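Reviewing the structure listed below.
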Amino acid sequence: MPTSTASETVTRFFDDYRAHDIEGMVDLCDDMAGFHYTPVEMWGRQRVIRGEGKVRTIGKVFWTGMIDSFPDLTNQVNSLTQDDDGNVAAEVVISGTQAKDWGPIGNQGKHFDLPHLFVLHVNRESRIDDITAYWDGAHINRALGRVEVD
């Protein structure tokens, strides 16, 4: 696979994310694309939601919730690095101002700017078939005013 194809697909993915076009994001992904948002763990009264599953199920719900809670959600791609096998690492800063509760984080109208590392794989058909993301979960909690005391 030419590396420009992989990086172009990933660039379009983040362009669609910035435009809040979730369907466009999902359309760039393979039907069975994996979704791994490692820091995500939201505890509810009767269940725990983790950021692990498929793009078309967990990913789509996660992105929809983010955009709903942070209507000005945006991203800035600072760097893309790819290899000849379709792997792309993206350093991205995601930011937004909270307008609604998001999971266990109540709305205080606060803003966050959070560096992320995305590791994506683009297959031979130029479709993303795996997305993994890492970030500092404590940072976003502090920025949004959520403090847990055990």
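The values are calculated or read from the model by the stated rules, or taken from the named source; none is laboratory data. In this text, all values refer to a predicted model and were calculated from it rather than measured experimentally. Don't worry about glycine lacking a Cβ; one is built from the backbone with ideal geometry, like all the others, and counts go over all protein chains shown. Just the protein is used for accessible areas: all its heavy atoms, side chains included, with ligands, DNA and RNA removed. Shrake-Rupley method; radii C 1.70, N 1.55, O 1.52, S 1.80 Å.
Among residues belonging to the stretch 95-144 that are free of Cβ contacts under 8 Å to residues at least 40 places away in the same chain and in contact with a Lys or Arg (Cβ under 8 Å, 6 or more places away or on another chain), point out the one that is nearest to His20 (Cα to Cα).
Ranking the qualifying residues of the stretch 95-144, first place goes to Thr97.
Inside the stretch 102-150, can you point out the residues that are open to solvent by 50 Å² or more (accessible area, probe 1.4 Å), outside any loop (DSSP other than H, G, I, E, B) and in contact with a Leu (Cβ under 8 Å, 6 or more places away or on another chain)?
Result: Tyr134, His139.
Just need a number here: residues in the stretch 55-83 that are surrounded by 16 or more Cβ atoms within 10 Å (Cβ to Cβ) and free of Cβ contacts under 8 Å to residues at least 24 places away in the same chain.
Within the stretch 55-83, residues that are surrounded by 16 or more Cβ atoms within 10 Å (Cβ to Cβ) and free of Cβ contacts under 8 Å to residues at least 24 places away in the same chain number 1.
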